[in-house]
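The values are calculated or read from the model by the stated rules, or taken from the named source; none is laboratory data. Predicted model only: the values in this text are computed from it and were never measured. Positions of Cβ are backbone-derived with ideal geometry, glycine not excepted, and every protein chain shown enters the neighbour counts.
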Amino acid sequence: MVTAAPGEERSPALALVNSRRLGTAGEVDDLAEPHSATEWLHRHELPPAPVGTDGLSRLTALRAAVRELLTALAESRSPEADAVATVNAAARADAAAPQLAWPAGPRREWHSTRPGSLDEVVASLARDAIDVISGDLGELVRPCEAHGCVRFFFREHARRRWCSTTCGDRVRAARHQRLVVEQREASQGRS
Ligand SMILES: [Zn+2]
């Protein structure tokens, strides 16, 4: 089990983007198959909608769109218009309304008009993406700087540059390796 990148616990949309990543044995995609996608929904406490082939392509299209939006945000540029349209269409799939709940204190809940459906899933992911991108969290969105890593995270500490300690260790090991090679080349050059 891979460790979640910082922020995934606060944003299912961030977790969606990171559902495709680099593993030790190459690319890992949690949404490659309907059954793995169903598990992924369960793991992220999303509505337990049945995922078929259609559902899978809706989720991966939304993922690609959110990735483009996060990339645009991190690069301070405008996103592709298609990505905005895809997220907005997904958000409209379920005309959910905010409802006030008061268990121990006030809390906003979204009540779906299509509970348990994939519409509810994609709409809640899209709503979260919109909240993150247009809100304060948007300023924290960063791509992991480790070579080959495609995950994003929320930079809650100013100096953080990697999505995980694994990526940080990998970068440090590569840097060390480079130094060793440079030193060897330098000493060979002298002899
Ligand atoms: Zn990383």
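For the stretch 165-179, a tally of residues being near the ligand (Cβ under 9 Å from one of its atoms) and of a type outside the set (A, V, I, L, M, F, W, C) returns 3. Considering every residue within the stretch 132-154, establish whether at least one is out of contact with any helix residue (DSSP H, G or I) (no Cβ under 7 Å at 6 or more places or on another chain), surrounded by 11 or more Cβ atoms within 10 Å (Cβ to Cβ) and basic (K, R). Yes, some residue in the stretch 132-154 is out of contact with any helix residue (DSSP H, G or I) (no Cβ under 7 Å at 6 or more places or on another chain), surrounded by 11 or more Cβ atoms within 10 Å (Cβ to Cβ) and basic (K, R). Just give me the residues in the stretch 8-18 being under 21 Å from A72 (Cα atoms) and either out of contact with any His (no Cβ under 9 Å at 6 or more places or on another chain) or exposed (fewer than 15 other Cβ atoms within 10 Å of the Cβ) (or both), in sequence order. Answer for the stretch 8-18, where residues must be under 21 Å from A72 (Cα atoms) and either out of contact with any His (no Cβ under 9 Å at 6 or more places or on another chain) or exposed (fewer than 15 other Cβ atoms within 10 Å of the Cβ) (or both): R10, S11, A13, L14, V17, N18.
D119 meets each of the listed conditions (1) modelled with pLDDT under 90; (2) in a helix (DSSP H, G or I); (3) under 21 Å from S11 (Cβ atoms) apart from (1).
For beta carbons closer than 8 Å, sequence separation of 6+ or different chains, a first residue in the stretch 135-154 that is closer than 14 Å to T165 by Cβ and modelled with pLDDT of 95 or more and a second that is among the small types (G, A, S) and within 8 Å of the ligand (Cβ to nearest atom), the qualifying pairs are C144/A5; C144/S164; R151/A5; R151/S164; F153/A5.
Of note, R107 satisfies the criterion of being away from the ligand (no atom under 14 Å from the Cβ) and either free of Cβ contacts under 8 Å to residues at least 40 places away in the same chain or in contact with a Lys or Arg (Cβ under 6 Å, 6 or more places away or on another chain) (or both).
Would it be correct to say that L100 is more than 15 Å from the ligand (Cβ to nearest atom) and closer than 24 Å to S76 by Cα?
Values: more than 15 Å from the ligand (Cβ to nearest atom): yes; closer than 24 Å to S76 by Cα: no.
The answer is no for L100.
Considering only residues in the stretch 148-161 that are out of contact with any Lys or Arg (no Cβ under 8 Å at 6 or more places or on another chain) and not basic (K, R), the one that is nearest to the ligand (Cβ to nearest atom) turns out to be G148.
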